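Coordinate-derived values only; no laboratory data. From a predicted model like this one, the values you see are computed outputs, not experimental measurements. Here the Cβ positions follow ideal geometry from the backbone for every residue, glycine too, while neighbour counts run over all protein chains shown.
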Amino acid sequence: MGQASKLFNGNTDQTLIGRVTPTTEQREFLQQQWNDLADHLKQALAKHGYTISTWLQGSYKYATLIKPVHLGEEYDVDVGLYFEWNDDQDAEPTPKQLRDWVQAELLEYEKACEELKKVEVPPKERCSRASYIQQFHIDTPVYHLNTDSDVRRLACLSGKWEHSDPKKLYKWFKEAVSGDDRDQLRRLVRYLKAWAAVSFDDAPGSRPSSIFLTVIATEAYQDLWAQRLLGLADDDALLAVIKKMHDRLFDDRKVENPVDKNEDLNRMTAEAWDGFLPRLAALQDIAERAGDAKDEASAALIWSEAFSFLMPLPETDQVEIVDEGSGRAVMQLPEIEVKVCTGTPPRPVATYRNEVPGVAKDCMLSFAIVNPHVVPEFATVEWTVRNEGQEADQRSDLGHRRVGMRLLSVEEHTAYVGRHFMDCVVRLNGQVYAVRRVPVTIRDVQHVARNPPRPPYTKLRSLFRRRR
């Protein structure tokens, strides 16, 4: 079992799968909204004389949907609309007609639905999009369903039909593995989507699509049948899948649709592909180093290179890195002073050391290493915010990270009630030298809570292994 398995999917307060998976309430809210939209469209479009059916598809259907991880991002839900007719139809509508009918009814629905923010105009080539106030959108691809042959065609805005059968692909995915293996596969796909969500901010064109990751992860996981018989922890399974993905994609970029061999699911341009491969190679390097880690803290810190603020760290407020040979600390832990300011202009109201036991919303926090002499020359300092709680979830703000050469101070703003962390990690030549976790408890009050009880955190020791 991998050292970080509990932090991926274990019985702890914070896990990677828990941080990226929508809550039951969030899923139920999305379901209600798409049901309302689907009911409206089926009724409104019936006037054109065709039987209309709908089918939920995409990540929600596959149970691999992840939360939006950056402020301002949205959930993506896909609801297919199917116009049904058979081979005896004398005349049939064109793809453009179907798309125009659906777009017109979406614009009418926008006038009546208070939760709907806007319908995108013009629509996309393969779907229309309705964006909602509460940070999600519903895409509505339009299909012709031949009731004689059970064949589906996607209506494109450019006027062409595109062979596409999302139902057939979903059936392939569902039958790929079964039982507990299917549950684990779904978690692995979510982990890969989380990696893609945070690792391509500077190269969005190279970010792999959801269906690309789903298919290639599924085929890699199927090949692990022998290891699965013995049981695989999630971090071990992810490492094995990443290795297979790496070897396959560096050999051949093509990813065939498993139910339509004529379709290549890899739609990246050559330039985008050149941006994707180095990130995949880096992911494999991270996974292999995490697999070799000797303790949970080391493994979690290495995995955080791939998952950033999404990867939880052990429940502690400091990690002392000790040399494997001598047993001595590699460096003294950084001491972090936190100044709290409020108002306009800002006025200081409190100062803390290594924790903020209680602070109001809408305050400015200044974090600074007050013993900078312990930070090695040329070391990088990472400041990672890991947000927790319902308010941060609702705003899709799970955290962020800043990195700089001897970046000794940063400022943050308190926005969400709950207990959060500012994690300060010092690295030299890519290796972790020290970690200080600063818990920050934000309360919905207008004053700073001075002396609430301190949680019983501990110091963890982690082995430092020099790279050969």
- Query: With all pairs of different alpha carbon atoms counted, what Kirkwood hydrodynamic radius in Å does segment 315-464 show?
  - Reply: 16.1 Å
- Separation of the residue 111 and residue 251 label points, Cα + 7 Å toward Cβ, nm: 5.9 nm
- Note on the structure: The distance between the Cα centres of segment 294-312 and segment 319-338, in whole Å, is 17 Å
- Tensor-based shape of segment 290-353 (alpha-carbon gyration tensor, a/c under 1.5 rounded, otherwise prolate or oblate): oblate
- From the square roots a ≥ b ≥ c of the eigenvalues of the alpha-carbon gyration tensor of segment 337-426, which class results: rounded (a/c under 1.5), prolate (a/b over b/c), or oblate? oblate
- Task: Determine the shape class of segment 1-65: with a ≥ b ≥ c the square roots of the Cα gyration tensor eigenvalues, call it rounded for a/c under 1.5, and otherwise prolate if a/b is greater than b/c, oblate otherwise.
- Result: prolate
- Expressed as a rounded percentage, what relative contact order does the chain have, with Cα pairs under 8 Å and six or more residues apart? 14 percent
- The extension gain from residue 147 to residue 89, computed as 0.36 nm times the residue separation minus the Cα-Cα distance, is 19.8 nm
- Note on the structure: For segment 184-323, one quarter of the surface area of the C-alpha convex hull, expressed in nm², comes to 9.9 nm²
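Can you order the peptides 245-251, 223-229, 329-335 by their average number of other Cβ atoms within 10 Å per residue, highest first? Intermediate values should be presented prior to the final figure.
Numbers: 245-251: 15.1, 223-229: 12.6, 329-335: 17.4.
Those peptides, ordered most packed to least, come out 329-335, 245-251, 223-229.
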- Query: Where a Cα-Cα gap under 23 Å defines reach, which lysines qualify for residue 167, not counting those fewer than 8 residues away within the same chain?
  - Reply: 42, 61, 96, 124, 193, 254, 261
- Message: Please compute, over every Cα-Cα pair in the chain, the percentage with a separation greater than 35 angstrom.
- Response: 40 percent
- In nanometres, what is the gap between the two model label sites at residue 409 and residue 172, each 7 Å from Cα along Cα-to-Cβ? 5.7 nm
- For segment 414-439 and segment 106-126, distance of Cα centres in Å: 42 Å
